[in-house]
Amino acid sequence: MTADSAPSPFDPFQQNNPPDLDSKIVASLERLTGVFRHLLWQEATHCGLSPLQLQVVVFLRFHPLGQCTVSTLAREYHVSRATISDAVKTLTQKLLISRRTDPADLRSHFLQLTPEGERLADQAGRFAEPLHPPVASLPARQKMSVYLGLLTLLHQLQQAGTIPVQRMCFSCRHYGRQPGQHFCHLLNIPLEGLQLRLDCPEHAAAF
Ligand code: SF4
């Protein structure tokens, strides 16, 4: 490392001399990203799809029709609309998805899984299963700290413009603070710990 270059969290020397928790967390997140990439690639290969095509199928399976558009998918996976359109074209040719015209705007359409697409999504949507046992084995308090820490990280990344708006409580116009607690003004419920949502069907962007 030169004197004027920024330290890299991937440099073991930087991580350990003196021990630097921030660098260790960043490097750990990078390792976890690699695990997801590997599991996704493995499942996509098994299904005869590209990783992005598999992500599209799984997204369509678990989100309301109003969110199932090319624009939303492009934002979700940080790719261009043209890239999503290519994936959609292939999935349509494979008879896994179909288009439904938006009655409010006949030039727009929503994407919908066919019954075969739903079957595939139900199977492929479990690609991250190997991560469940280690997560489940964490003590409850540690699990909650990890969850709240990840929510906060995602929110800060969103505020910095590094990632698009997440459908989570912290970026929702229905989210509020009441003395000592988070609150959802739409559902009229307190949002403590486990109640805070990462991907909420009722989310409405606050800005
Ligand atoms: S609508 Fe959903 S995302 Fe928004 S505050 Fe309520 S629970 Fe959270």
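The values are calculated or read from the model by the stated rules, or taken from the named source; none is laboratory data. Being a predicted model, the structure only gives us computed values, none of them experimental. The accessibility values were calculated without ligands, DNA or RNA, using every heavy atom of the protein model including side chains. Shrake-Rupley method; radii C 1.70, N 1.55, O 1.52, S 1.80 Å.
Miscellaneous remarks
- Three-way shape call for segment 94-207 based on the alpha-carbon gyration tensor, with the a/c threshold at 1.5: oblate
- Length gained on full extension, W41 to S8: 9.1 nm, using 0.36 nm per residue less the C-alpha separation.
- Distant-in-sequence amide contacts of L191, defined by a placed amide H-H separation under 5 Å and a gap of 5 or more residues or a different chain, comprise H182, F183, C184.
- For segment 170-180, 3J(HN,Hα) per residue [Karplus equation, 6.51 cos²θ - 1.76 cosθ + 1.60, θ = phi - 60°, Hz, x = Gly/Pro]: 4, 10, 9, 6, 8, 7, x, 10, 10, x, x
- Computed lengthening from L21 to V165, 0.36 nm per intervening residue step minus Cα-Cα distance: 49.1 nm
- Karplus-derived HN-Hα couplings along segment 58-70 (A = 6.51, B = -1.76, C = 1.60, θ = phi - 60°), whole Hz, x at Gly and Pro: 5, 4, 4, 5, 10, 10, x, 3, x, 8, 8, 10, 4
- Amide H to amide H, with H built 1.01 Å from N, I97 comes under 5 Å of T92, T114, counting only residues 5 or more places away or on other chains.
- Each residue of segment 143-158 is assigned a 3J(HN,Hα), and the resulting list reads 4, 5, 4, 4, 4, 5, x, 5, 4, 5, 4, 4, 5, 5, 5, 5 Hz, derived from the Karplus form 6.51 cos²θ - 1.76 cosθ + 1.60 (θ = phi - 60°), x at Gly and Pro.
- Interatomic Cα distance distribution for segment 160-207, bins of 10 angstrom, percent: 28, 55, 16, 0
- Theoretical ellipticity at 222 nm over the chain - DSSP helices of four or more residues, -39500 (n - 2.57) apiece, nearest 500: -15000 deg cm²/dmol
- Given a 1.4 Å probe and the protein chains as shown, D122 ends up with an accessible area of around 60 Å².
- Taken along its three principal axes, the alpha carbon spread of the chain comes to 58, 45, 39 Å, from the longest extent down to the shortest.
- Across all directions, the average projected area of the convex hull around the alpha carbons of segment 35-129 is 5.9 nm².
- Gained length - I189 relative to A136, 0.36 nm times residue gap less alpha-carbon distance: 16.4 nm
- Amide H contacts under 5 Å for D102: S108, H109, F110, restricted to partners 5 or more places along the chain or on a different chain, H placed in the peptide plane at 1.01 Å from N.
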